[in-house]
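What follows is calculated from the coordinates using simple rules that are stated; it is not laboratory data. Since we're looking at a predicted model, the values are computed, not measured. Neighbour counts run over all protein chains shown; Cβ positions are idealised from the backbone, glycine included.
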Amino acid sequence: MRQSPLILMLNSYLINIIFAKKKLDMSNNLLKGKRGIIFGALDSNSIAWITAERVFEEGGTFVLTNAPVAMRMGQINELAKKTNATVIPADATSIEDLENLISKSMEILGGKLDFVLHSIGMSINVRKGKSYTDQNYDWTHKGLDVSAMSFHRVMQTLYKNDAMNEWGSIVALSYMAAQRVFPDYNDMADNKAFLESVARSFGYFFGKDKNVRVNTISQSPTPTTAGKGVKGFDGFIKYADKMSPLGNATAMDCANYTITLFSDLTKRVTLQNLYNDGGFSNMGVSDSIMDMIENS
């Protein structure tokens with residue numbers, strides 16, 4: 001039976017409403033009721049920024065934090081407005097700042113924390129173009145303090161203040177240079193190796209004493225504001241993409257992976273360095289790379 005134009009129009013209207021609702025309901029609410037702290041959101045290119053957006057979409061609430069100098073460079077207040085988050089400045093190399101951050105976060109969020117993301121890293125040697133064989137050791141020490149020792153400080157402060165809920169999750173972002181040589185990644189490779197070791201060592205105590213998980217994600221080279229400061233970074237990205245059977249993992253891929261680690265779906269995953277790199281970490285060589293070599 002042929003329907004009238006009015007009926008057809010109403011049907012189309014209802015279909016559009018249903019699809020719009022489905023689009024709004026794409027979130028699985030994996031983090032509903034969970035609360036935490038996200039370190040390191042600088043601008044919309046940063047993994048921490050995109051992760052914060054995804055945590056918000058999945059029902060989580062959080063405090064955003066970064067060093068005061070980084071906050072002046074970025075747009076963190078814009079992200080806070082978008083995700084209904086509070087911003088608390090904190091230098092992750094300062095125990096006093098971390099004590100303040102964690103106590104205020106629990107007060108604002110209404111209880112202990114369920115997740116923490118450490119997305120902090122810097123190398124003055126890289127920024128200033130110093131070779132790995134000609135380091136300024138004051139800069140080296142500063143980079144290690146900010147990039148890796150800060151993770152120990154964060155966890156020690158959380159641990160001593162009993163700030164994590166049982167089955168909570170702490171995640172830090174790393175890179176494959178912790179295991180393999182990427183000459184232009186410079187002393188950041190050492191920082192990431194230390195970061196991963198801290199995750200395992202402190203993760204043992206957090207698991208044994210608090211039933212809290214600690215993991216690192218070894219992410220593909222990703223075009224963040226910080227990453228672009230590494231010499232030859234575009235080459236890193238192209239090479240990794242051609243080496244990886246699934247191609248490079250994007251910042252959004254990393255954010256989604258982090259969501260799973262924050263969720264209750266991974267309650268027994270801890271002390272792991274988890275590769276989110278399209279398969280790069282298990283590759284020796286790929287057809288694409290061989291083709292480039294043979295045709296060069």
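Each Cα pair under 8 Å and six or more residues apart adds its sequence gap; the mean of these over the residue count of region 144-237 is a relative contact order of 35 percent. Here the Karplus curve 6.51 cos²θ - 1.76 cosθ + 1.60, taken at θ = phi - 60°, turns the phi angles of region 174-184 into couplings of 10, 8, 4, 5, 5, 10, 10, 8, 10, x, 7 Hz, with x standing for Gly and Pro. Here the gap between ASP184 and LYS142, fully extended at 0.36 nm per residue and compared with their Cα-Cα distance, gives a gain of 13.3 nm.
Both radii are taken from the alpha-carbon atoms of region 19-121; with Rh as the Kirkwood radius, Rg/Rh is 0.99. Hydrodynamic estimate: the Kirkwood radius of region 128-197 over Cα pairs, inserted into Stokes-Einstein at 10 °C and 1.306 mPa s, corresponds to D of 118 µm²/s. Ranked by the mean number of other Cβ atoms within 10 Å of their residues, highest first, the peptides 41-50, 167-176 come out as 167-176, 41-50. For region 232-296 and region 33-95, what is the centre-to-centre distance using only Cα atoms, to the nearest Å? The two parts, judged by their Cα centres, are 25 Å apart. Candidate membrane-span-like segments in the chain, meaning DSSP H helices with Cα atoms spread over at least 27 Å of their own axis and a Kyte-Doolittle mean of -1.0 or above, are 5-24, 188-210, with no membrane implied. A Cβ-based charge dipole, computed about the Cα centre of the chain with Lys and Arg at +1 and Asp and Glu at -1, lands at about 740 debye. For the chain, the residue among GLN272, ILE293, ASN256 whose Cα projects farthest onto the positive side of the dipole built from Cβ charges is ASN256.
Across the chain, C-alpha contacts under 8 Å between residues 6 or more apart give a mean separation that, scaled by the residue count, equals a relative contact order of 17 percent. Candidates ASN165, SER46, SER281 compared by Cα position along the dipole of the chain: farthest toward the positive end lies ASN165, with charges placed on Cβ. Debye sum, Cα scatterers, the chain, no solvent: what log₁₀ I/I(0) at q = 0.10 1/Å? After summing over all Cα pairs, the log10 values are -0.57. For region 38-101, averaging the sequence separation of C-alpha pairs within contact (under 8 Å, six or more residues apart) and dividing by the residue count gives a relative contact order of 31 percent.
Phi angles of region 162-171 translate, via the Karplus equation with coefficients 6.51, -1.76, 1.60 and θ = phi - 60°, into HN-Hα couplings of 6, 8, 9, 5, 4, 6, x, 9, 10, 10 Hz per residue; Gly and Pro are given as x. Computed per residue of the chain from DSSP H runs no shorter than four, each worth -39500 (n - 2.57), the mean residue ellipticity at 222 nm is -14500 deg cm²/dmol.
Arranged from fewest to most other beta-carbon atoms within 10 Å of their beta carbon, GLU53, GLU96, GLU78, GLU294 become GLU294, GLU96, GLU78, GLU53. Between the C-alpha center of region 116-132 and that of region 166-209 there is a gap of 14 Å.
With bins 5 Å wide beginning at 0, the percent of Cα pairs of region 199-280 falling in each bin runs 3, 15, 20, 19, 16, 12, 10, 4, 1.
Scanning the chain for trypsin sites (Lys or Arg not before Pro) lying in DSSP loops with no more than 14 further Cβ atoms inside 10 Å, the longest uninterrupted stretch between such sites is 33-127. Where is the GNM fluctuation largest for the chain (alpha-carbon springs, 10 angstrom cutoff): PHE62, PHE202, PHE262? It is PHE202.
All other residues whose Cβ lies under 13 angstrom from that of SER220 are scored, Lys and Arg at +1 and Asp and Glu at -1, for a net of -1.
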